[in-house]
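Shown next, in structure tokens, is the structure this report addresses.
The values are calculated or read from the model by the stated rules, or taken from the named source; none is laboratory data. Note that the structure is predicted; figures quoted are calculated from it, not measured. Glycine also receives a Cβ, built like all others from the backbone with ideal geometry; neighbour counts cover every protein chain displayed. Please note that ligands, DNA and RNA were not included when accessible areas were found on the heavy atoms of the full protein model with its side chains. Shrake-Rupley method; radii C 1.70, N 1.55, O 1.52, S 1.80 Å.
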Amino acid sequence: TVTAFQDSSDGDSFAPAESETGLDSDDTKRRKLESARRAVDRRLKDDRRKKRRARRTRRRAKWTIVGLLFLNAIAFLGLETPTDPLSIWTYVGLDKLEHLAAFIVLAAVLIPLLARWLSPGLILLSVTLFGLVTEIAQAYSTGRTADFGDFVADQVGILIGWWIGVWILGKLRARAGEDDEGSGHHPRRRR
């Protein structure tokens, strides 16, 4: 049974609406409860997805760092090491600037170009491996030397190019999102 409530301050009575009485109130309550459960489930699912994405990002970053350290160890042991590796003059020169510029452009172009298929960290490792392989190949070319200083210049260029490429990728994705919103098209989320 439904009872009306009396407010003692002004004498008005508050009764539930007619749609909240009888069977309609049970259906309404059930629909509200199901809607609330779906909202909670969506929120929990989104939280789990964010946690998985964060774990995956941390794992990728960790393996990228391990890969870079491994490639640097190979380069240091396999390439012609300068007599004074801590001197700044070992890493300055026109040859080093050419390496720097080439790898800035390479990384900045490859990241937006290949981001659909490869993560930026994997692209970073791949371009670094390419730099190492080219330096090792120079050891077997006549008139060329495999120089660790060149490899360091390659890596600095790759890091600068990687930062530029990720920035460009973010701008491209933001523009694509704006275009999709303007057209009324809502793309599926990447998983």
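Taking ILE136 as the residue in question, decide whether it is of a type in the set (A, V, I, L, M, F, W, C) and within 24 Å of ARG173 (Cβ to Cβ). Judged against the criteria, ILE136 is not a match. Just a yes or no: is a residue in segment 127-140 under 16 Å from the mean Cα position of the chain (by Cα) and in contact (Cβ under 8 Å) with a residue 40 or more places away in the chain? No, that holds for no residue. Of the residues that sit in segment 116-132 and are in a helix (DSSP H, G or I) and among the small types (Gly, Ala, Ser), which one is least open to solvent (accessible area, probe 1.4 Å)? Looking at the filtered set, the residue picked out is GLY131.
Looking at ALA139, ALA153, just one residue is within 21 Å of LEU94 (Cα to Cα) and surrounded by 20 or more Cβ atoms within 10 Å (Cβ to Cβ), and that residue is ALA153. Among all residues of segment 59-79, there is at least one that is under 30 Å from GLY161 (Cα atoms) and modelled with pLDDT under 70.
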